[in-house]
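Novice: First the structure, which I've put down as structure tokens, then a few questions once you've had a look.
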Amino acid sequence: MELISGNIKLRAFRITDADRLTLLANNKKISRNLRDGFPNPYTRDDAVKFIQQCLEMQVVTFFAIEFLGEYVGNISLSPCKDVYRKSAEIGYFIGEPYWNKGIASAAVNLITEYGFKQLDLMRIHTGVYEYNPASQRVLEKCGYNKEGVFIKSIFKEGGFWDEIRYARINPYVAQLDP
Ligand SMILES: CC(C)(COP(=O)(O)OP(=O)(O)OC[C@H]1O[C@@H](n2cnc3c(N)ncnc32)[C@H](O)[C@@H]1OP(=O)(O)O)[C@@H](O)C(=O)NCCC(=O)NCCS
């Protein structure tokens, strides 16, 4: 499974991505914007375990991002459960040397189309921490709407922060009456 737009490709992970994943993910400027499950320091063991989990997935929803043929980051859709099963949470990071080249925006557009057209999702959402304007900008560029602010819901690095919730609704699906 590959999703391509210009110089950007989303593809399945390979175990050979482990070294570059470790190199790019081991960065506080990245982990401070993500859940605590994304470790810092980020070791090669963390990378190998993560890639192995991705390789075991039945449906591919976690992708490696390539820019000009080189692995530069991760993007994922985590499907929700129960009555939320037509929703998924989007997550992503780009290695710092590759920031501000439009890579995240292209990857978000690709995986959003995949989620709506192939996974039949109605809604894709995420929460961005208040101190992350770059990610807010990415989501806005990709047609996500700001839905609300969860005040002081994040406890990160010893402080409380607002989470800004963004979502996009599937434009290809009509709402069915119950
Ligand atoms: C957020 C992140 C994914 C953006 O990746 P990227 O490839 O640089 O994103 P893009 O180049 O597509 O777009 C970035 C946009 O943010 C803007 N931007 C960057 N820094 C900014 C800042 N401090 N304030 C406001 N806007 C900013 C850029 O100018 C660009 O907008 P533009 O195209 O209108 O000029 C990347 O910085 C990252 O991985 N950060 C750490 C992990 C993270 O935050 N993940 C998302 C969690 S919700």
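Novice: Given the Cα-Cα distance of residue 141 and residue 86 and 0.36 nm per residue of separation, how much length would full extension add, in nm? Display every interim value, and only then the final one.
Specialist: Values: separation 55, 0.36 × 55 = 19.80 nm, distance 2.31 nm.
The span from residue 141 to residue 86 would gain 17.5 nm if fully extended.
Novice: Would you please classify the overall shape of segment 14-160 from the alpha carbon gyration tensor, given that a ≥ b ≥ c denote the square roots of the eigenvalues, rounded means a/c under 1.5, and beyond that prolate means a/b larger than b/c while oblate covers the rest?
Specialist: rounded
Novice: Give me the dipole magnitude in Debye, nearest 20, for segment 22-164 about the Cα centre, with unit charges on the beta carbon: positive for Lys and Arg, negative for Asp and Glu.
Specialist: Details: 17 positive and 17 negative charges, 32 e Å.
Roughly 160 debye for segment 22-164.
Novice: Let me ask something additional. Kindly provide log₁₀ I(q)/I(0) values, in the same order as q = 0.14 Å⁻¹, from the Debye equation applied to equal alpha-carbon scatterers of segment 4-66.
Specialist: Here log10 of I(q) over I(0) equals -0.43.
Novice: Check residue 13: other-chain or 5+ apart residues with amide H under 5 Å from its amide H, H built from backbone geometry?
Specialist: HN-HN under 5 Å from residue 13: 64.
Novice: Can I ask one more? Along the positive direction of the dipole of the chain (beta-carbon charges: Lys, Arg +1; Asp, Glu -1; about the Cα centre), which of 148, 8, 27 reaches farthest?
Specialist: Sorting the options by dipole projection puts first 148.
Novice: Under 1.5 on a/c is rounded, so check that first for segment 48-123, then, if it is not, pick prolate when a/b is larger than b/c and oblate when it is not; a ≥ b ≥ c are the square roots of the alpha carbon gyration tensor eigenvalues.
Specialist: Working: a/c = 2.30, a/b = 1.47, b/c = 1.57.
It is oblate, given that a/c is not under 1.5 and a/b is not larger than b/c.
Novice: Same structure, new question: If you find the alpha carbon centre of segment 83-104 and of segment 1-41, how far apart are they in angstrom?
Specialist: Cα centroid of segment 83-104 versus Cα centroid of segment 1-41: 10 Å apart.
Novice: Quickly rank 124-130, 47-53, 34-40 as a protection proxy: mean count of other C-beta atoms within 10 Å, highest first.
Specialist: Details: 124-130: 19.6, 47-53: 16.3, 34-40: 12.9.
The peptides rank, most packed first, as 124-130, 47-53, 34-40.
Novice: Out of 68, 98, 54, whose Cα points farthest toward the positive end of the dipole of segment 39-99 (charges: +1 Lys, Arg; -1 Asp, Glu; placed on Cβ)?
Specialist: In segment 39-99, that residue is 54.
Novice: State whether segment 87-165 is rounded, prolate or oblate according to the following rule on the C-alpha gyration tensor (a ≥ b ≥ c being the square roots of its eigenvalues): a/c under 1.5 gives rounded; otherwise a/b larger than b/c gives prolate, and the remaining case gives oblate.
Specialist: Since a/c reaches 1.5 but b/c is at least a/b, the shape of segment 87-165 is classed as oblate.
Coordinate-derived values only; no laboratory data. From a predicted model like this one, the values you see are computed outputs, not experimental measurements. Neighbour counts are summed over all protein chains in view; Cβ atoms, including those assigned to glycine, are modelled from backbone coordinates with ideal geometry.
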